[in-house]
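Let me begin by handing over the structure; questions about it come next.
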Amino acid sequence: MADPHAAIEFIRSHHDEFLSEWKQLVSIPSISTDPERKPDVARAAAWLKTKLLAYGAASSRVIATKGHPVVWAEFPAADADAPSILIYGHYDVQPVDPIELWETDPFEPTERDGRLYARGASDMKAQVMATLLAVRSVVASGPLPVTVRVVLEGEEEIGSPNLAGVIEQHADLFRADVCLNPDTGMISTEIPSIRYGLRGLAYFELTVRGPERDLHSGSFGGVVHNPAQAIAELIAGMHDANGSVTLPGFYDRVRVLDAPERERLAKVPVDDAQMQKLSGVPELWGESGFTVVERIGARPTLEINGVWGGYTGPGAKTVIPAEAHAKISTRLVPDQRPEEVRGQLEAYLEKSAPPSVRWELTELAGGDGFICDPDSPAHAAFAAALRDVWGTEPVFARIGGSVPVASDVERLLGMPSILTGFALPDDQIHSPNESQHIANWYRGIEAVARFIYRYGALG
């Protein structure tokens, strides 16, 4: 294996410069869901293209889509037969609301207590910059031992509606031996992590309608089924007393956790007390018979994301609302299919909804789960790189969130993914006062650089 010493020294001697460039990207308010921020999303894409060329890319492009652009670049290896890596990232961020809960301006990155605070500081501009700066450091220190291709999208936070089409249309630009996807994170600053499974998603809005207009609750109460009550009864019935989802057929495709996998997941150092502390709840709740680690990463769930209807303003208004609504998301494990979950939810509603109301179900988003072989040579090389930096064995785990691109690159390019990252559970991603641990970020740059050398040595 080529000696990574020069690249590591380059990283350590450029800490201030790297931090400054990270702050520049974080300062761009690239909120993909806000139409008024579309110019800022485009500005972030242009900034990244310029930086990729400055870092030594032989070529870079901004690929237009029906929504926000995709940024592509290629860093060819010195040896044309060298292995290849596709680095994935997204440069869009969540909205900042509620703005009044931020201690500092969300787009003026601020260092405080060893962290960088800003929207996108962690998710995922820190992770994008860690990988790109690692590539820059290797390029600056000698021959590149692998070909590196880069794909950075601007729509991950709105479900990546156009990325799969871009990958399919430009498959030759993105094809590689493995995809490095740093969008999952670590368990703690001292425990590096590799994720080998993701849950998919099926997301719906349920509307329950009763009377043709809001009614006086004194005149009609007791004779008209209140849609707000009806929707509460319906969503309450979606779980049984053991925390299991009651949709018919919901578990038919769920893989049984065998003994080796349960043993692997048991090594993840997360327990009930930690989850209770992180969430701030008085007591945990969930499907019986499974640990918190298994519930989060390897079991499907159904969650009510929001419920509304009727009068919610100040004071009293005595009405029976004409309709009520609920947002419902299901997190799916590999083999479950979003389109089948819709049918299962409809079957539940047809059986459970009373004739006194009407209901309508709208599907808002969907995506498949993902699982890969954690014992692959590429995973072993990345695990060794993490061990080089942290001095401890990384933990292999499954994660409860969804990263649609992992299944897209597997389906469209036949490419496995290494899911990792240097974000932490307390980074408050998607919340006010999002931040990234700076020292952890520097270590992440070194780990990616070491992986490039280790993966190149595989030949």
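The values are calculated or read from the model by the stated rules, or taken from the named source; none is laboratory data. The model shown is predicted, which means the values in this text are computed figures rather than measured ones. Virtual Cβ from ideal backbone geometry, glycine too; neighbours counted across all protein chains shown.
Considering only residues that are of a type outside the set (Lys, Arg), over 16 Å from Lys125 (Cβ atoms) and in a helix (DSSP H, G or I), which ones fall in segment 432-446?
Within segment 432-446, the subset of a type outside the set (Lys, Arg) is 432-442, 444-446.
Next, only the ones that are over 16 Å from Lys125 (Cβ atoms) stay: 432, 439, 446.
Residues satisfying the conditions are Ala439, Glu446.
Within segment 1-60, how many residues are assigned to a loop (DSSP other than H, G, I, E, B), at pLDDT 95 or above and either at positive phi or of a type in the set (D, E, K, R) (or both)?
2
Now for a different question. Quick one: count up the residues across segment 363-389 that are acidic (Asp, Glu) and farther than 30 Å from Gln344 by Cβ. Explain how you work it out, then say what you get.
Here is the first cut: in segment 363-389, the ones acidic (Asp, Glu) are 363, 368, 373, 375, 388.
Filter again for farther than 30 Å from Gln344 by Cβ, leaving 375, 388.
Number of matching residues: 2.
A follow-up question, please. If you check Leu265 against the conditions, is it among the hydrophobic types (A, V, I, L, M, F, W, C), part of a loop (DSSP other than H, G, I, E, B) and under 29 Å from the mean Cα position of the chain (by Cα)?
Values: among the hydrophobic types (A, V, I, L, M, F, W, C): yes; part of a loop (DSSP other than H, G, I, E, B): no; under 29 Å from the mean Cα position of the chain (by Cα): yes.
Considered against the rule, which asks whether it is among the hydrophobic types (A, V, I, L, M, F, W, C), part of a loop (DSSP other than H, G, I, E, B) and under 29 Å from the mean Cα position of the chain (by Cα), Leu265 comes out as no.
Just checking, which of Arg213, Arg209 is surrounded by fewer than 22 Cβ atoms within 10 Å (Cβ to Cβ) and in contact with a helix residue (DSSP H, G or I) (Cβ under 7 Å, 6 or more places away or on another chain)?
Result: Arg209 is the single residue among Arg213, Arg209 that is surrounded by fewer than 22 Cβ atoms within 10 Å (Cβ to Cβ) and in contact with a helix residue (DSSP H, G or I) (Cβ under 7 Å, 6 or more places away or on another chain).
Given the condition assigned by TED's automatic domain parsing to the domain that holds Ser329, at pLDDT 95 or above and not basic (Lys, Arg), answer yes or no: does some residue in segment 362-373 qualify?
Yes: segment 362-373 contains one or more residues that are assigned by TED's automatic domain parsing to the domain that holds Ser329, at pLDDT 95 or above and not basic (Lys, Arg).
Could you please find all residues in segment 234-261 being at pLDDT 95 or above and among the basic types (Lys, Arg)?
Arg253 - this is the single residue of segment 234-261 that is at pLDDT 95 or above and among the basic types (Lys, Arg).
Is it fair to say Phe451 is among the hydrophobic types (A, V, I, L, M, F, W, C), assigned by TED's automatic domain parsing to the domain that holds Gly159, in a loop (DSSP other than H, G, I, E, B) and buried (at least 16 other Cβ atoms within 10 Å of the Cβ)?
no
Taking segment 263-295 as the search range and keeping residues that are more than 20 Å from Pro394 (Cβ to Cβ) and basic (Lys, Arg), which one is surrounded by the fewest Cβ atoms within 10 Å (Cβ to Cβ)?
Per the stated criteria, the residue is Lys277.
Also: Which ones in segment 234-262 are without any contact (Cβ under 8 Å) to a residue 24 or more places away in the chain and either more than 22 Å from Gly306 (Cα to Cα) or surrounded by 15 or more Cβ atoms within 10 Å (Cβ to Cβ) (or both)?
Going through segment 234-262, the residues without any contact (Cβ under 8 Å) to a residue 24 or more places away in the chain turn out to be 236, 240-241, 252, 256, 258-260.
Scanning segment 234-262 gives Asp252, Val256, Asp258, Ala259, Pro260.
Residue-by-condition table, conditions (1) surrounded by 22 or more Cβ atoms within 10 Å (Cβ to Cβ); (2) more than 30 Å from Gly286 (Cα to Cα); (3) assigned by TED's automatic domain parsing to the domain that holds Asn305; (4) among the acidic types (Asp, Glu):
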{"site": "Asp335", "(1), (2), (3), (4)": "no, no, yes, yes"}
{"site": "Ala353", "(1), (2), (3), (4)": "no, no, yes, no"}
{"site": "Arg387", "(1), (2), (3), (4)": "no, yes, no, no"}
{"site": "Gly391", "(1), (2), (3), (4)": "no, yes, no, no"}
{"site": "Leu424", "(1), (2), (3), (4)": "no, no, no, no"}
